[in-house]
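Below is one structure; the comments refer to it alone.
Here, each number is a calculation from the coordinates, and none is a lab measurement. Source: prediction; values computed, not measured.
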Amino acid sequence: MFTLGRKLHLDDKTNVSIVLFTLSAFILGWLFTRDIGSGFNLGGGVFLSWALAREVDPAHSYTAFITATLSLFHLYYVDTVHFLMMAWMLLILRAVNGITGKKLTLFDIFSAFALTIFLSLNNRNSLYILVFILALISLFMLQQREKITFMCAMIALILFLVQSLFLGHCTVIGTEQLNLLNTLVIMSSILFSILAKFGLKNLVKNDKGKKTDRTRIFYGQLLYATTIIFFVIFGRLTYSDLVIQLSILWGVFINYIAIQIKTYYKKFFSQ
């Protein structure tokens, strides 16, 4: 049974809002570029950035909408968005953070593993397998399906070594490719990993309305930050990919700053 999916209930005003926002972004991209493909790129980027932000910062619902708004800037580049990679990241993060509230199944792990292998071979990049190994290590430390995660990690490690050492599917970007946007994403990811612990003060509820283990949320956040840094250095992301990931990170920062300002003024005026 697959448990890593999250239903989009249209009786929820929040979900209706993101659907309308996505459609608006699609129309905006289409009208702005006169290209229907760019419309799909913008609309899909908005929706998936919103979905990823919900996994990265599940304690604060506004973060996802701030992220979705910021992601509109990738229209400036009219570049390819790796949607399947983002969908893969969603599955990996949900497996680690436990936000669905359902027990992780063998089918979940094997499905994520199969998608990881497909992406690594299709993109000729062993980084996907390395990130999957990190996710399995996190699950093992969290005592989630220890036997199967250990076995899969060993198999994945062998595949990673074969791809990296014998197939040459592991390359680092040159210093000439390390531009301002790349640097901003790396620095923002490092800052996010440092501040992640401060965002765990609020109670996080899973999709079943029950309390979620804060340690799992934290592990998911660290995995996300590490994944982004690795993909910038080894993954050769497009400009649109970079803008979307930067939008997620800064969506978290902006919401965090807004909460701190609100808390400060509450205390100030209550004195």
Taking placed amide H atoms and a strict 5 Å upper bound, the residues 5 or more places from VAL204 or on another chain that come that close are THR212
A student applying the Cα gyration tensor rule (rounded when a/c is under 1.5; otherwise prolate if a/b is larger than b/c, oblate if not) would label the stretch 4-91 prolate
Rg/Rh for the stretch 94-136 to two decimals, with Rh computed the Kirkwood way over all alpha-carbon pairs.
1.02
For the chain, the Cα gyration tensor yields equivalent-ellipsoid semi-axes (√(5λ), largest first, whole Å) of 28, 25, 19
